[in-house]
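Can you keep this structure in mind? I'll have questions shortly.
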Amino acid sequence: MTATDLSILGSENLLHTYFSLGMASPGTVISKQEGFDVCMGNFDHPICNFAGRLSLDPWAANRLVELALERKFFTVYSVAADTPRVREHRDELLVRAGFQKNFSLQQLFWLPQRSESSIHLQIPRSPAEKSAIAIFMAQQFFPRHAPAFKRRIAEATSGSDLPLYGIYHKLELIGAVMLVEDDNLVGLFNLCVKSNQQNRGIGANIVAGVKQLAYELGKPISLQCETALTAWYQRQDFVVCDWVDVYGLSDQRRLAIMN
């Protein structure tokens, strides 16, 4: 399997995960349009207002602008599985239409090899336990946001069919991760450790536990992260492969149309 193959498979896993999370938010509708798939919800957050699975041309890019104007927050994900296949060509089409690249995530992979970990990844035994893990994740990733906001994120996370895993110490939840397995690989998402337990090697042990699981399945692991975390994952034997570009409507484009 080539690096390009891994990038495309990882991108497909990522978008499946994002659309599953979006659909779990009440009032959300997913539709397939010419040139892209779109998720539209009534929660003002990109978790349920975004587009992906792009097959771009100027018409599709301009249609994305029209949809973006209908929402306070709207994100477009550009990944290796999209067309045009060349990243710079997708960028040109989106920027010309009026989008700007907000940030990029590094795409990394781990190829199956024997791994051992003392960490036990515990699958929730009840909906209440899954909800507790989802709340924990929301608290770690959005510590300064309002409780109502974190509750909506947690409800979408726990309401999806995506598997969550908890890591406990003396019955206390100290870490969590989401793992999305498909026919080709295991997608690693939402890895987090309780703030007062960080810098103790727990995150690395969780990754080792995920690698052990993936090795038993005979599948590679895919993940996306901020570039500041790339070196840390490389120390966990992950290899850089590609990029996920995240776009939003530029202020100039929004003002030009609204005026």
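Please list, ordered by first then second residue, the pairs with beta carbon atoms under 9 Å, 6 or more apart or interchain, first in the stretch 1-25 and under 20 Å from P46 (Cβ atoms) and open to solvent by 10 Å² or more (accessible area, probe 1.4 Å), second of a type in the set (S, T, Y) and part of a helix (DSSP H, G or I).
These pairs meet every condition: L21/T157; A24/T157; A24/S158.
Looking only at the stretch 134-175, filter to residues that are of a type in the set (S, T, N, Q) and over 18 Å from S195 (Cα atoms); which one of those is most open to solvent (accessible area, probe 1.4 Å)?
Of everything passing the filter in the stretch 134-175, S158 is most open to solvent (accessible area, probe 1.4 Å).
Collect the residues in the stretch 35-85 that are surrounded by fewer than 16 Cβ atoms within 10 Å (Cβ to Cβ) and in a helix (DSSP H, G or I), keeping them in residue-number order.
P58, W59, N62, E66, L69 - these are the residues of the stretch 35-85 that are surrounded by fewer than 16 Cβ atoms within 10 Å (Cβ to Cβ) and in a helix (DSSP H, G or I).
I would also like to ask the following. Confirm whether I153 is within 23 Å of E226 (Cα to Cα), touching a Pro at 6+ places or on another chain (Cβ under 7 Å) and not small (G, A, S).
no
Of the conditions (1) of a type in the set (G, A, S); (2) at pLDDT below 95; (3) open to solvent by 20 Å² or more (accessible area, probe 1.4 Å); (4) touching an Asp or Glu at 6+ places or on another chain (Cβ under 6 Å), S104 fails just one. Which one is it?
Tallying (1) of a type in the set (G, A, S); (2) at pLDDT below 95; (3) open to solvent by 20 Å² or more (accessible area, probe 1.4 Å); (4) touching an Asp or Glu at 6+ places or on another chain (Cβ under 6 Å), S104 fails exactly one: (2).
Counting just the residues of the stretch 18-34 that are in a loop (DSSP other than H, G, I, E, B) and not hydrophobic (A, V, I, L, M, F, W, C), which one comes out farthest from K150 (Cα to Cα)?
Selected residue: E34.
Now for a different question. Return yes or no: is L217 closer than 14 Å to Q122 by Cα and open to solvent by 20 Å² or more (accessible area, probe 1.4 Å)?
So L217 does not fit the description; no.
Within the stretch 197-207, identify whether any single residue is charged (D, E, K, R), at pLDDT 95 or above and open to solvent by 20 Å² or more (accessible area, probe 1.4 Å), and answer yes or no.
No, the stretch 197-207 contains no residue that is charged (D, E, K, R), at pLDDT 95 or above and open to solvent by 20 Å² or more (accessible area, probe 1.4 Å).
Starting from residues that are within 22 Å of the chain's Cα centre (by Cα), more than 10 Å from S158 (Cβ to Cβ) and free of Cβ contacts under 8 Å to residues at least 60 places away in the same chain, keep the ones in the stretch 113-133 and report whichever is most open to solvent (accessible area, probe 1.4 Å).
Here the answer is I123.
Can you tell me how many residues within the stretch 43-61 are of a type outside the set (A, V, I, L, M, F, W, C) and either under 17 Å from S31 (Cβ atoms) or under 15 Å from the mean Cα position of the chain (by Cα) (or both)?
So the answer is 6.
The values are calculated or read from the model by the stated rules, or taken from the named source; none is laboratory data. Owing to the predicted nature of the structure, the values given are computational and were not obtained by experimental measurement. Don't worry about glycine lacking a Cβ; one is built from the backbone with ideal geometry, like all the others, and counts go over all protein chains shown. Accessible surface areas use protein heavy atoms only, side chains included; no ligands, DNA or RNA. Shrake-Rupley method; radii C 1.70, N 1.55, O 1.52, S 1.80 Å.
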